[in-house]
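Trainee: Could you have a look at this structure, given as structure tokens, before my questions?
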Amino acid sequence: MLSFTIDGKEYLCPSGYGEITIQDYAAFIATVVPLAPNPIKIQLSYNPKPKGFVARLTARINRIITDIKGPQDEIGQWEATLAYDAAFIAHWLKCPARLVDRIEPGDLHGLCVFINSQWESWEPRPLIQKFEHDGRVWECDYSLETLLEIKHPQDPQSVLSTLCSSGGKRMSARKWGGVSLDIAASIMVEIRRQHTAIGTIVGSDILDQYNFTNNAAR
């Protein structure tokens, strides 16, 4: 765990995906991510780096949008960023909002950047077939027949409850909230590796929303 001292009190934050549970991830997605600023930008090409005329036109349109929005919107963007940063720190450090509000904006943003940088080195467990959780060894069944049994393919807990068994027995979906994102995301990656078509559907939320495929937390 990462340790930070604020006003003489120690606050701990997950230092990697192995220390983040599905339950905490779900709460983060539901309560903090909606606060993330979403700047308006125009993309006129599917090419991430448009060239020539398209690049010039895209840049011109974005400059016009910036001029129309003006300084007030820039202030609004900064305030939105601070709101997100404050919620991010309050969530992951489990730090009271009244205390977070006293942190200087620059320090607050620096904390967010630092924490995210610690998470960027994550890589999935290769070919994950077994893992330990809740005092037991669980085995993963990636057969197409089992994948088709998943009731809620966008819900990581539903996916785990269907694919994973211990001693031939499965565990209720609601009891999978304590498993780490390291394990859950590794399983989702393995699903994609083994079943390209269906793998783009099963568990895509946990990979796409949390940007696991780009090894970034935000």
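The values are calculated or read from the model by the stated rules, or taken from the named source; none is laboratory data. Bear in mind the structure is a predicted one, so any value in this text is a computation, not a measurement. Glycine also receives a Cβ, built like all others from the backbone with ideal geometry; neighbour counts cover every protein chain displayed. All accessible areas refer to the heavy atoms of the entire protein, side chains included, with ligands and DNA or RNA removed. Shrake-Rupley method; radii C 1.70, N 1.55, O 1.52, S 1.80 Å.
Trainee: So which pairs qualify, if the first residue must be in segment 131-147 and farther than 18 Å from Lys175 by Cα and open to solvent by 20 Å² or more (accessible area, probe 1.4 Å), the second must be aliphatic (A, V, I, L, M) and not in a loop (DSSP other than H, G, I, E, B), the Cβ gap must be under 6 Å, and the two must be at least 6 apart or on different chains?
Mentor: Close Cβ pairs satisfying both conditions: Asp141/Leu163.
Trainee: Restricted to segment 17-64, and to residues that are at pLDDT 85 or above and in a loop (DSSP other than H, G, I, E, B), which residue is surrounded by the fewest Cβ atoms within 10 Å (Cβ to Cβ)?
Mentor: Val32
Trainee: Looking only at segment 89-102, which residues are part of a helix (DSSP H, G or I), closer than 16 Å to Leu35 by Cβ and open to solvent by 50 Å² or more (accessible area, probe 1.4 Å)?
Mentor: The one that is part of a helix (DSSP H, G or I), closer than 16 Å to Leu35 by Cβ and open to solvent by 50 Å² or more (accessible area, probe 1.4 Å): Ala97.
Trainee: Considering only residues of segment 108-126 that are under 18 Å from Ala36 (Cα atoms) and surrounded by fewer than 16 Cβ atoms within 10 Å (Cβ to Cβ), which is farthest from the chain's Cα centre (by Cα)?
Mentor: Top of the filtered list is Gly110.
Trainee: Across segment 148-168, which residue is modelled with the lowest pLDDT among those that are open to solvent by less than 80 Å² (accessible area, probe 1.4 Å), over 11 Å from Met188 (Cα atoms) and among the hydrophobic types (A, V, I, L, M, F, W, C)?
Mentor: Among residues in segment 148-168 that are open to solvent by less than 80 Å² (accessible area, probe 1.4 Å), over 11 Å from Met188 (Cα atoms) and among the hydrophobic types (A, V, I, L, M, F, W, C), the one modelled with the lowest pLDDT is Ile150.
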